[in-house]
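Trainee: Got a structure for you, questions after.
Nothing in this text is a laboratory measurement; each read-out follows from the coordinates by a stated rule. Quantities reported herein were computed from a predicted structural model and do not represent experimental measurements. Using ideal geometry, Cβ is built from the backbone for each residue, glycine included, and neighbour counts are taken over all protein chains shown.
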Amino acid sequence: MLKKNHDRVALIGWIVSILVPVIVSLLPVSGIFTGSLKTFFVITLFVILIIAFELLPKLIAAILLPSLYLISGLVPADIAFASWTSTTVWMVMGGLILSNVLEDCGLLKRIAFFVIRKCGGTYTGVVFGSFIIGIILNLITFCNGWLVASVLVYGICRAMDLKPSKESALVCFAGTIGATGCTVCLFYPGYFSIMEESIREFIPDFTMTMTSSFQYNGWFVLWSVLLILIMMKVYRIKDLKINVHKEYFEEQYAALGKVSTKEKKAILMIVLLLAYLMTCRLFGLPEAYGFMVIPFLMFIPGIRLGDENTLKRLNYSTVFFVSACLGIGTVGAAVGFGDFLTAIVVPVLEGKGTLVVCLIFLTMGMIANLFMTPYAMLGGLSLPFAQIAVSLGMSPVAACMLLLYSCELLFFPYESAGNLIMYEFGMLPMKEFIKQMTLKTIIMYLGFIFVMYPMWHLLGFI
């Protein structure tokens, strides 16, 4: 019976994955909808749907996407596979190695048990503790601690002996919106530099401050708490079979004994990594370098925290998958997706009220997020958003903040590196991810309409 249901779902998935691209391929080419854009949409939608329905192994899908971009003649090899030259890919590789090393030496389990104990040893405490871990690490690393936070949340799930389920999905959801989601309202130099450059086209002396995004989008923290509470009701956590009680975690933590020499070395490496993330901007160095170097130092003589077995357990398909997802943004920018989206929306905005314009901006960002990474979105759409806002008598700052806010209006893991990594740890089933993120998107829209928009008006932001 289960096999028949699985086969039926797979058949439906294949039908949808083929039918949707075919429909797009039948659309006529026009001035703004070029042949290149049509090909881009057909290929990208086909592979995205395959990923969404989990019809092929992720490694196969990851190789298929850039290969189709190349074979179709859409872009040359240096663009189709350009994402492999991105530091993000190698940063992810380092992060995965780091998580395996921390698990091998036992530090991941020790940290996880420590957090659970401090949160009261209850499932509710674990969920909110995972959310708080992400926020704290982002504050002290200028929003570059999301990968470390993801590793820690994964460690918590392992410590609780959770399998991929609703129980693990809720913990991962809380950890993800804390570690990745809150980047839309905290100080993130990478995002700020892109938006600041675009805004200065219209306000030459404009400078982003440490609290700029929090003034506009700080409400996201409240939406996150509300979402966690709602998901607890939806999942009926009182009825879930979770092996959680304070005495158990006290016993498990005590059983770990004293901190071993390997754990002490691992702690020093983590402190070194966090110190680098906190200070790299002062020296003009990329944050990614920390993840590209420090995890590999754990294998050198004198430290030697990992070995061949550590690397054999590495999920290399994740690296290919992340690269493929980043490639969507690269190819999308190359074929003019940002210009296409702007050309469609500008005529629609003329004569519309400010609230409607704001909601259309958010929807544009949400759609763009299906085809572009947050960095690609901000890089390709910040200036068009600012230009449109100025032409309509709105603040270009507000327009860019709307684009930033829309980076969290997502549905699938591939739309954000942080969500993708958490999903790739295997504790967050795709069905639960889509359910959670859809609810988050609805709450974010409603929160903007009924709270943020009136407050922006009151504070003179728009």
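Trainee: Relative contact order for the stretch 1-80 using alpha-carbon pairs under 8 Å, separation at least 6, rounded to a whole percent?
Mentor: Reported as a whole number, the value is 29 percent.
Trainee: Round to the nearest 10 and give me the degree value, 0 to 90, for the angle of helix 261-279's Cα axis relative to the longest principal axis of the chain.
Mentor: Once rounded, the angle reads 30 degrees.
Trainee: Which FRET efficiency value, to the nearest 0.05, do you get for Leu297 and Asp161 by plugging their Cβ-Cβ distance into 1/(1 + (r/R0)^6) with R0 = 25 Å?
Mentor: 0.20
Trainee: Still on this structure, I have one more. What is the gain in length, in nm to one decimal, between Glu247 and Met455 on full extension, counting 0.36 nm per residue of separation less the C-alpha to C-alpha distance?
Mentor: Extra length from Glu247 to Met455 when fully extended: 70.3 nm.
Trainee: Assuming R0 = 60 Å, can you tell me the calculated FRET efficiency for the pair Glu201 and Ala254, based on Cβ-Cβ distance, to the nearest 0.05?
Mentor: For R0 = 60 Å, the calculated efficiency reads 0.50.
Trainee: Okay, moving on. Pairs of alpha-carbon atoms within less than 8 angstrom and 6+ residues apart define the contacts here; what relative contact order does the stretch 1-136 have, in percent?
Mentor: 15 percent
Trainee: How high is the relative contact order of the chain, given as a whole-number percent (alpha carbon pairs under 8 Å, six or more residues apart)?
Mentor: Once divided by the residue count of the chain, the mean separation gives 22 percent.
Trainee: Multiply the residue gap between Asn315 and Tyr289 by 0.36 nm, knock off their C-alpha separation, and tell me the result in nm, one decimal place.
Mentor: Net length gain for the segment: 7.3 nm.
Trainee: Next question, about the same structure. With label points built 7 Å along Cα→Cβ from the Cα atoms of Ile267 and Phe114, find their separation and express it in nm.
Mentor: 0.6 nm
Trainee: Please give the helix 316-334 orientation as an angle from the longest Cα principal axis of the chain, in degrees from 0 to 90, rounded to the nearest 10.
Mentor: For 316-334 against the chain, the angle is about 20 degrees.
Trainee: Work from the charge dipole of the stretch 1-80 (Cβ charges, +1 for Lys and Arg, -1 for Asp and Glu, about the Cα centre) and give the residue of Phe46, Leu27, Ser17 farthest towards its positive end.
Mentor: Farthest towards the positive end: Ser17.
Trainee: Tell me what the chain gives for mean residue ellipticity at 222 nm when only DSSP H runs of n ≥ 4 count, each as -39,500 (n - 2.57), the sum divided by the residue total, rounded to 500 deg cm²/dmol.
Mentor: Rounded to the nearest 500, it is -22500 deg cm²/dmol.
Trainee: Counting each pair of different Cα atoms once, what's the Kirkwood radius of the stretch 305-462 in Å, rounded to one decimal?
Mentor: Taking every pair of different Cα atoms in the stretch 305-462, averaging 1/r and inverting gives 17.1 Å.
Trainee: Find the centroid of the Cα atoms in the stretch 339-368 and in the stretch 369-430, then give the distance between the two in whole Å.
Mentor: 14 Å
Trainee: Could you work out the mean projected area of the convex hull around the alpha carbons of the stretch 7-82, in square nanometres to one decimal?
Mentor: Projected area, direction-averaged: 5.4 nm².
Trainee: Would you calculate the separation in nanometres between label points at Leu446 and Ile434, each defined as 7 Å from the Cα along the Cα-to-beta-carbon direction?
Mentor: Label-label distance for Leu446 and Ile434, simple model: 2.2 nm.
Trainee: Between Ile360 and Leu229, with labels modelled 7 Å along Cα→Cβ, what's the label distance in nm to one decimal, could you check?
Mentor: For the pair Ile360/Leu229, the computed spacing is 3.5 nm.
Trainee: Quick one: helix 35-52 against the long Cα principal axis of the chain, what's the angle to the nearest 10°, folded into 0 to 90?
Mentor: Once rounded, the angle reads 30 degrees.
Trainee: I need the calculated FRET efficiency for the pair Ala77 and Val390, taking r as the beta carbon distance and R₀ as 45 Å, to the nearest 0.05.
Mentor: Calculated value: 0.70.
Trainee: Additional query: Can you find, among Leu362, Val322, Thr342, the residue farthest towards the positive end of the dipole of the stretch 267-374? Put +1 on the C-beta of Lys and Arg, -1 on that of Asp and Glu.
Mentor: So the residue furthest toward the plus end is Val322.
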